[in-house]
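Below you'll find the structure, written out as structure tokens, and then a few comments.
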Amino acid sequence: MRNDLPRTREIAARLDVLAESGSTNAELRSRAANPEDWPHLSVLLTDNQTAGRGRLDRTWLAPAGSALAISVLLRALPANPTARGWIPLLAGVAMADAIAAQLPDQHVAVKWPNDVLVDERKICGILAEASGDAVVVGSGVNTAMTAQQLPVTTATSFAVAGVTVDDDRLIADYLRELGSRLSALAATGDAVVSGLHAAVTARCATLGRRVRVSLPGDQTLDGLATGLDADGRLLVDVDGLVRAISAGDVVHVRPA
């Protein structure tokens, strides 16, 4: 992993590049107790994460050098706890914008609540975790992963798209957008007023699609994803009854 990331170092309050990490999220949470040493927008980064995790405690593994694991410490949070629920989607749209800048010919979108897709295939997953009064946002981006190395057929990478990613530009663009959108959300306390609701809606591939949602308690519902409410919940029309989903595993159902 290169260590000379000048664009990223201009934005990150602190940047530690690791040759290897079990989980950058877990490592950053263990280090981040002192705000003076680890201020807002501190970053841990590696291209060799050996025990990464996604939502629902799923494992996230990639061959060394084929993906970036980026964890960012957020301290300047909205005072309103409800607004903090937008952070995974905020990070998703920030990463989608950063990826799209280097894949201008591909369709880059956010899948509710925490994935970034390129032409309907997953290139990045995001996991936000509380750490005291802060939040750690981890993202795993498939960069140099070959088609043979992809874990599932529904995944993709910059390499598969035929692009050699500029790591420094990608991380810097992501951090800049992440910090800017979080500042706006913290200032207003409202995703609609800050413009975040509109930005996520515009990037969200889930909206307007038939979806199958696996809910806690082994429940499943099928319906049409019609929008996001003011709290970032996914609105799903199930036979005329609109349900607001705050947590769940979503599958885009392809037309028969």
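The values are calculated or read from the model by the stated rules, or taken from the named source; none is laboratory data. Keep in mind that this is a model prediction, so the values were computed, not measured. So basically every Cβ, Gly included, is an ideal-geometry build from the backbone, and we count neighbours across all protein chains shown. Protein only, heavy atoms only, side chains kept; ligands, DNA and RNA dropped before computing areas. Shrake-Rupley method; radii C 1.70, N 1.55, O 1.52, S 1.80 Å.
Considering the stretch 144-168, the residues that are in contact (Cβ under 8 Å) with a residue 24 or more places away in the chain and part of a helix (DSSP H, G or I) include one that is farthest from A96 (Cα to Cα), namely Q149.
Scanning the stretch 119-133 for residues that are over 23 Å from A26 (Cβ atoms) and outside any strand (DSSP E or B) yields D119, E120. Once the stretch 97-113 is narrowed to residues that are at pLDDT 95 or above and touching a Gly at 6+ places or on another chain (Cβ under 9 Å), the residue that is most open to solvent (accessible area, probe 1.4 Å) is K111. Checked against (1) among the aliphatic types (A, V, I, L, M); (2) in a strand (DSSP E or B); (3) surrounded by 17 or more Cβ atoms within 10 Å (Cβ to Cβ), L221 passes all but a single condition, namely (3). Of L215, L235, L224, all but one fail to be more than 21 Å from P88 (Cβ to Cβ) and free of Cβ contacts under 8 Å to residues at least 40 places away in the same chain; the exception is L224. On the given criteria, is V211 more than 27 Å from V17 (Cβ to Cβ) and aliphatic (A, V, I, L, M)? The answer is yes for V211. All conditions but one from (1) more than 30 Å from A79 (Cα to Cα); (2) exposed (fewer than 14 other Cβ atoms within 10 Å of the Cβ); (3) touching an Asp or Glu at 6+ places or on another chain (Cβ under 6 Å); (4) not small (G, A, S) apply to T226; the one that does not is (1). Could you list, in sequence order, the residues of the stretch 208-218 that are open to solvent by less than 80 Å² (accessible area, probe 1.4 Å) and assigned to a loop (DSSP other than H, G, I, E, B)? Residues satisfying the conditions are G208, R209, G217.
Considering only the stretch 182-190, I want to know if a residue exists there that is surrounded by 20 or more Cβ atoms within 10 Å (Cβ to Cβ) and either basic (K, R) or over 18 Å from G92 (Cα atoms) (or both). No, the stretch 182-190 contains no residue that is surrounded by 20 or more Cβ atoms within 10 Å (Cβ to Cβ) and either basic (K, R) or over 18 Å from G92 (Cα atoms) (or both).
Checking V136, V116 one by one, the residue that is within 19 Å of R181 (Cβ to Cβ), assigned to a strand (DSSP E or B) and either open to solvent by 20 Å² or more (accessible area, probe 1.4 Å) or in contact (Cβ under 8 Å) with a residue 60 or more places away in the chain (or both) is V136 and no other.
For the stretch 1-42, a residue qualifies if it is in contact with an Asp or Glu (Cβ under 7 Å, 6 or more places away or on another chain) and open to solvent by less than 60 Å² (accessible area, probe 1.4 Å), and the qualifying residues are L5, T8, S21, N25. It is to be established whether one or more residues within the stretch 6-21 are part of a helix (DSSP H, G or I), over 20 Å from N142 (Cα atoms), at pLDDT 85 or above and small (G, A, S). For the stretch 6-21, residues part of a helix (DSSP H, G or I), over 20 Å from N142 (Cα atoms), at pLDDT 85 or above and small (G, A, S): absent. With respect to the conditions (1) surrounded by fewer than 24 Cβ atoms within 10 Å (Cβ to Cβ); (2) under 22 Å from S42 (Cβ atoms), A94 falls short on a single one, namely (1).
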